[in-house]
Each structure stands twice: as C-alpha cells, then as structure tokens.
Amino acid sequence: MPDPEIFTITTEYKFEILHYRLRELAFLNPGITITLADEREEGKSESFFYKEGIVQFVKQIGENKHVIHAKPISFHSTKDEVIVDCVIQYNSSYNDQILCFANSIANFDGGTHLTGFSRAALTRAINQYAKANKLLKEKDPSLSGDDVREGLICILSVKLPNPRFESQTKVKLVNGEVEGIVSSIVYEGLMGYFDSNPSLGKKIVDKCLTAARAREAARKARDTVRKTAMTGGGLPGKLADCSDRDPVNTELYIVEGDSAGGSAKQGRDRKFQAILPIRGKLINVEKARLDKVLENREIRTMITAIGTGIGSGNSKDEDEGNSKDEGAFNIEKLRYHKIIIMTDADVDGSHIRTLLLTFLYRQMPELLKQGYVYIAQPPLYKVTRKKRVEYIDDDVQMTKMLLDIGSEDVRLRSLENDKEVAKKQLGEILELLQSLDKFARAIHRHGGDFSEYLEQRNAKKKSLPSHLVKIWEGNSETVHYFHSEDALAKFGTANPDLGCSAKRTKRTKRRLAKRRGSRRRGGSAVQARSQAEEKRGASPACAPRGTARAHGSRGNPGQAQP
C-alpha cells in the first residue's frame, strides 16, 4: 500500500490508470493472462489476454484509421541477448505514432532503440528500396525521416539484460549497443519483406513520396508566409498589438470573430494585451497536409502574430545531420508568453477552441509543453436584476441563481407553529425540491410510481429503496422495491425464473458496464435497476434469459421490448 507520508496528494488507486497499464503489459507479453479486480466496487474486474501480442496492439491503435495494408508488418529476433519485437502498419493519416518499450517499461522520449529503428533502419531501407526499384525520379526530393514516418503506427519493444536509462523516470533508453542491434534486425526484415511483397513496398514508397512533395510545397508556403510578414509591415492588420515589446509581460488573446474582437479591444490594457480576432472555423490540421493548412488565411495570420514559425523546417531530423530553415519553429522568436484562446461558451466555441489547440499541438507543440498556451473561460449567461449584475458559467449555476432571485422576496411560514423559515434554509428546500423533481422523472421514465416509491421509505434508517423490479405477466404487472442488493438477491433466489439471482445480477452488471441497453426477446419482462444506474440512464441491472423487458428510458413504460 502507498505510504501517505510519502504520497501526500493521494493514496487512492485509479482503476482506469491500472487498466491502461496492465492492458499494455498484456500486449507486450503475449500468451499471459492478467486480471485486474477492484474489490472496492463489487463486480468490477477485467482480464487481459492477447495471443498475438503487439500485433494486436497495433491493430487496436489503427482500428479507426484507413490502413494501407491490413496485415501489420512484424519482426522478431534475438541478437547478443537482446530480444527485439517490432510491428509497423501504415495508414492514410498525416501523423505518426511510435511507442517504445524496454523490458516492458514505456520510454516516452525514445532512446537508442528508437534511433536505430527510425534513422538507421526505416529511412535507409525505404530510400534504398525506392532507388533500387527506380521509384524515385530525379526531380523527387530524397525521403526524410518525417516522410517515411508519416501515417506510421509502430510498437517497438526490446528486452535486454542490464538496461540503462537517462533518469529515474526511465523515459529514455541509453544502452549504446541496442541501436545497432535494432537497426540491423529491422533493416534486414524490411528489405526482405519488400522483396517478398513488391506491390506493398511500392504503396509505402508512393505514400512517402507524396509526403516529401507536400513537405517541399509546405516549405515554399512557409517561406512565403515569412517573406510576407517581412515585406508587408511585419504584423497582420487585424492584430491589435500591445505597446510592450517584452514577451515575458505580454498576452495574446485569440478571439472568435470581429464582434468579439471589438469588445475585447475596448476592455483590454493596451500596454500588455494584444487581440487577434479570427473569422469562422479553422481548417482541421489533423486531416490536411501542411501545404493545404498554410493556404488558410487565419492560420497564416496566427503564425505571423505569434512569431515562432511552424514545423521543423525542411522536416528532417537534427540527428540526421540536417539543419532547419529560416521558416521553421523557433521558440526564441515567440512574441507573447501568454497565448490565450478565448471563444464563446457554446458548442461552436468549443469546436473552434479544439481546432486551435489541434493546430498548436501539431505545428507548435513546444508552446504547449512549456506552458505558454491558456484557455479563457467566458461566462455563458449575464443576469441583470435592478442594480445587480451576475455572470454565470454554466446551466447549473444559472438554475441556482434563478432560485436565489426567485426566493429573495418570498417568506415561508409554518401554519402549525407560526415559525418563519430562514432565507438560507428556504434556498436549501428549493434545491431539494428541484432534485426530487429530477428523481421523480427518472422513476417515472423507468416505469415506477414516485408516490409508491416514497411510501417505501425506511423511517428507521432514513433511506429510500435502491432497486426497482417490475414484473409483467400477461396483462398484469407488479412492482417490487428493495433497499439493498442482498434483499434483491434473496428475491431472485426465491424466484429463479425471473433471472434475478445474486450471481446473475453481478454478472449482468459487469456486462452492462461494457454495453448498456442490450436487448432480449420473449414474453414477460423484468427490470431491476439501481438508482445510481437510473441517474446515468443505464439499462436494467438484470433480466431473465428468453424474456422481453420494458423500454426503460426508451419508449413508454410497461411496453414490451421486441
């Protein structure tokens, strides 16, 4: 167990974090079964078993992408006590995803195994195959590391004795001997695979060539953006710049539309706050090549205003011995140390904010890594009553505000003892009534009667039922309420034909956690649902095999589901 004296923030285990890590371990170690059970929550457990190992890992990552080859390319070999497993698959996207592991430990910063794979093996193999088969023309640019990685999904796992890492966090492997071993295994494997599958080799080379041509077009477009900024007075006309020239002190607000830009300009401090309005929704850089992205006027305006440039210049890795061009991203040219995205608090505003963040993440990732990007939270509502003005962030606060305003001049007095309820207590009563109203609608939606439900209150324990079971037999129906799962289980044991036994209830709850709203056929219906599930709109906690069940939250209460 974690020591609370050392782990001062929290000692609570997160099921989701453990779930992700153990699933990852199961991928990296094929053939073993790992089971995660959370005893804090009854019935919450999951097992992981992957016979094909990281091949299935790659397939899972690329399952929602348009892959160029359905079957991933895999290599497995051992050399000098170093075991190398590598699986790659290309898709039609424009970004790569390479995950590196050493002895099943994730290396987020890569290391010598990544260098051996990317620079010495992948780039060299594809270039050599393209030249040997005359797939590269004289006018075509040579393929860089970024070109051959575009659209690539790769899992690279090495297992070795005495691994050495850059730090205690083990994010980077530094064993020098690993680079050459990975390079030779992957290079020989790729060349052999391309020779055996020439049509697939040509597809991959064609994709890399398309990426190289787009990179060259993007470089020219980037140079055009830079030259336009230098010859056209420097900054875009719609930018309302600040007077302070020290980036440490300045802020850039990117706002939605000219109307919002006008209001922001009126309220800003001209000394250190700059305003840049953008019109409409940006191009989605996740689905477009860089040359197309740079054709967008709003994107070019932002690049010029921020001042850093974008991308990695000629798109070749520094460790490949290539330098960056003048239009490449340079954090030292950043004009503002606070870039604040300020869009409306609605769906369109959220979409624009997401597009902006995607652009910054893909083309200016260092701004995010070094903490220069912020998101402003504008209010959703403005409430004015007499001289009182309030700004409201969301609908929950709005409801509370309306209750407060509505009860300001209201006095509630008991007829029994003539005692007046305090204003604060009145607000609490109104909030409680609001919660009860929501709860009543939930009960009714699932076929229950709220009055009957309240009558089942346990006065001694001061509790309401947690489960509702509704049974249809022909044209008649009966409703049963239970205060605990034990009571529900006893009822299920006494009525096995209803399918509500304790064992079945637990099994069904686990199934529903994965897939809600499953449907069954039959002639009678049973619905058992915990109130916690009702609030989430989940499906019934149990239902017998071979039966129908009520619509619940879909359709009319009491109507059989075919």
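The values are calculated or read from the model by the stated rules, or taken from the named source; none is laboratory data. Not measured: the values here are computed from a predicted model. Every residue, glycine as well, gets a Cβ built from its backbone with ideal geometry; the counts of neighbours run over all protein chains shown.
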Any residue in segment 82-95 that is farther than 22 Å from Arg215 by Cα sitting within a Cβ distance under 6 Å of a residue that is among the hydroxyl-bearing types (Ser, Thr, Tyr)? List the pairs, counting only those 6 or more apart or interchain. Val84/Ser77; Asp85/Ser157; Val87/Ser74
So Pro465 ticks every box in (1) loosely packed, with under 12 Cβ neighbours inside 10 Å; (2) part of a loop (DSSP other than H, G, I, E, B) but one. Which box is left unticked? (1)
Just to be sure before I move on: is Phe48 touching a Leu at 6+ places or on another chain (Cβ under 9 Å), without any contact (Cβ under 8 Å) to a residue 60 or more places away in the chain and either closer than 30 Å to Pro198 by Cα or not aliphatic (A, V, I, L, M) (or both) in the structure I sent? yes
Answer with yes or no whether Val178 is in contact with a helix residue (DSSP H, G or I) (Cβ under 6 Å, 6 or more places away or on another chain), farther than 30 Å from Ala288 by Cβ and surrounded by 14 or more Cβ atoms within 10 Å (Cβ to Cβ). yes
When (1) within 24 Å of the chain's Cα centre (by Cα); (2) touching a residue at least 60 places away in the same chain (Cβ under 8 Å); (3) surrounded by fewer than 17 Cβ atoms within 10 Å (Cβ to Cβ); (4) not in a loop (DSSP other than H, G, I, E, B) are applied to Ile98, the one that fails is (2)
Within segment 42-77, considering residues that are more than 24 Å from the chain's Cα centre (by Cα) and of a type in the set (D, E, K, R), the one surrounded by the most Cβ atoms within 10 Å (Cβ to Cβ): Glu52
Could you tell me which residue of segment 425-441 is farthest from Lys470 (Cα to Cα), considering only residues that are at pLDDT below 80 and small (Gly, Ala, Ser)? Gly427
If Gly116 satisfies every condition in (1) under 17 Å from Val84 (Cα atoms); (2) surrounded by fewer than 16 Cβ atoms within 10 Å (Cβ to Cβ) but one, which is the exception? (2)
Which numbered condition Glu24 fails, given (1) over 22 Å from the mean Cα position of the chain (by Cα); (2) touching a residue at least 60 places away in the same chain (Cβ under 8 Å): (1)
Residue selected from segment 101-125 under the condition out of contact with any Asp or Glu (no Cβ under 8 Å at 6 or more places or on another chain) and assigned to a strand (DSSP E or B), by the criterion farthest from Leu200 (Cα to Cα): Ile105
Could you figure out which of (1) part of a strand (DSSP E or B); (2) surrounded by fewer than 12 Cβ atoms within 10 Å (Cβ to Cβ) isn't true of Ile341? (2)
Just give me the residues in segment 239-258 being more than 16 Å from Ile341 (Cβ to Cβ) and not polar (S, T, N, Q), in sequence order. Ala240, Asp241, Cys242, Asp244, Arg245, Asp246, Pro247, Val248, Asp258
Residue in segment 366-384 that is in contact with a Pro (Cβ under 7 Å, 6 or more places away or on another chain) and either in a strand (DSSP E or B) or loosely packed, with under 12 Cβ neighbours inside 10 Å (or both) present: no
Of Leu28, Leu18, which residue is buried (at least 19 other Cβ atoms within 10 Å of the Cβ) and among the aliphatic types (A, V, I, L, M)? Leu28
Kindly indicate whether Val389 is out of contact with any Leu (no Cβ under 9 Å at 6 or more places or on another chain), assigned to a helix (DSSP H, G or I), free of Cβ contacts under 8 Å to residues at least 40 places away in the same chain and under 30 Å from Ser263 (Cβ atoms). no
